1. Can you tell me which residues in the stretch A:120-174 are surrounded by fewer than 20 Cβ atoms within 10 Å (Cβ to Cβ), within 14 Å of another protein chain (Cβ to nearest Cβ) and over 15 Å from the mean Cα position of the chain (by Cα)?
2. Go through the stretch B:41-55 and report how many residues are over 21 Å from the mean Cα position of the chain (by Cα) and either assigned to a helix (DSSP H, G or I) or within 14 Å of another protein chain (Cβ to nearest Cβ) (or both).
3. Condition first: more than 22 Å from residue A:170 (Cβ to Cβ) and over 24 Å from the mean Cα position of the chain (by Cα). Now tell me which residues in the stretch B:121-151 satisfy that.
4. Would you point out which residue out of A:103, A:94 is within 14 Å of another protein chain (Cβ to nearest Cβ), assigned to a helix (DSSP H, G or I) and closer than 29 Å to residue A:14 by Cβ?
5. Only helices (runs of 4 or more DSSP H) wholly contained in the stretch A:125-225 count here; list those with 3 or more residues that are at pLDDT 90 or above and over 19 Å from residue A:103 (Cβ atoms).
6. Just for the stretch A:49-89: of the residues that are more than 10 Å from chain B (Cβ to nearest Cβ) and not in a helix (DSSP H, G or I), which one is farthest from residue B:163 (Cα to Cα)?
7. Can you find a residue in the stretch A:27-39 that is in a helix (DSSP H, G or I), within 14 Å of chain B (Cβ to nearest Cβ) and surrounded by fewer than 16 Cβ atoms within 10 Å (Cβ to Cβ)?
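The values are calculated or read from the model by the stated rules, or taken from the named source; none is laboratory data. Note that the structure is predicted; figures quoted are calculated from it, not measured. All Cβ positions, glycine included, derive from the backbone under ideal geometry; neighbour counts span all protein chains shown.
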């Protein structure tokens, strides 16, 4: 059976994934909108930066975040000046890291959904005297709903599956940074294979169910490019 | 060094020009990375064999060996894992020996932060103390024993940041994210001196000896290079290198 420590890790993972997903929908939507609509020369570079976490090993992200958020890093200096202290080894630090790590998994489905709407419906809204903001909320967002569903599910699931980054900046602190993937790793390292199976098997089942839900509830949705 | 080992070592050396060069794969505990590289370079030069080193955590090596990993020799970070493998019949019986005894240090990347008596632990004016996971890493377990012996465990436990292994604990401290941490003396030793920052070399009586055992695995049984490597590890030349990295023997 899962131990209290395992349950604490599950709860922490859930909290981290939920916080990250909400933040990502708020941050990712304007980025996706801009990427879908802009003709700026910056579209390429910004799109590439957003997609970086897909190809970078998590250890690269974790390593640079550890340096950036450390006492001598640019972000670390800023958080210290703001009186927030340092981000590594804290829940806040994991949230920041997860937002970077899962960004493309949220931005790309939303961007694709916005792309698919095309100019027509928005121009129609404009001829009906809808302001751009009004058109965005009453036309673009409802039409892009499947994209948002996909983005939220993938953002959540990808954060649950995060390991390399947490390992690099987490510090394995119970109730703060010891998430399920790290707990599984600990069990395996300590040769506690029975306990590892409970959590690892649970992760397999969870991931399958999430993807099953994604593909049956949202059959048109496919991730990113 | 026993006479037998000495003789077999020289016999082996003499035989090498005739013998074919063999390859061997050695799983090496992360804390022994630097000395292993030096010894392997000398070994290749002296013996003509080719030594491939694989670095990692001892617990992970255990799982890999039990599942058919192609290692000839294991240089573990502890003596428990080789003993366990021996009991389970995964090693060549009689091949196990202690190749190094680790020394624990309390280290900070900042000069003057850690005093030579470890008084900094009594003041406790820090936010994060990095240790290797005590459940899996011998140096982490030794660090917990030291704090318990100093009666500081309860006060400091809340400030622990746990690293996967001793290499990562060093990284947490080196980047300044943890003000100080318990690591291996071998990680900060250069030519017998502490290379950077400030450190307290923890008196050995405060924790159980960190004995690191080497063992030949079943796969290395018929590989002449595996026996040659173990013999080489017992040579004075190798021992001098081991000691220069802050280990005892």
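1. Hits for the stretch A:120-174 are A:173, A:174.
2. Of the residues in the stretch B:41-55, 3 are over 21 Å from the mean Cα position of the chain (by Cα) and either assigned to a helix (DSSP H, G or I) or within 14 Å of another protein chain (Cβ to nearest Cβ) (or both).
3. Correct list: B:121, B:122, B:123, B:124, B:125, B:150, B:151.
4. A:94
5. Where helices (runs of 4 or more DSSP H) fall fully within the stretch A:125-225 and carry at least 3 residues being at pLDDT 90 or above and over 19 Å from residue A:103 (Cβ atoms), they are A:180-189, A:193-217.
6. Here the answer is A:82.
7. Among the residues of the stretch A:27-39, not one is in a helix (DSSP H, G or I), within 14 Å of chain B (Cβ to nearest Cβ) and surrounded by fewer than 16 Cβ atoms within 10 Å (Cβ to Cβ), which makes the answer no.
To keep it simple, each residue is scored yes or no on (1) farther than 21 Å from residue A:21 by Cα; (2) touching a residue at least 24 places away in the same chain (Cβ under 8 Å); (3) out of contact with any strand residue (DSSP E or B) (no Cβ under 8 Å at 6 or more places or on another chain).
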residue	(1), (2), (3)
A:123	yes, no, yes
A:126	yes, no, yes
A:132	yes, no, yes
A:171	yes, yes, no
A:187	yes, no, yes
A:206	no, yes, yes
A:209	no, no, yes
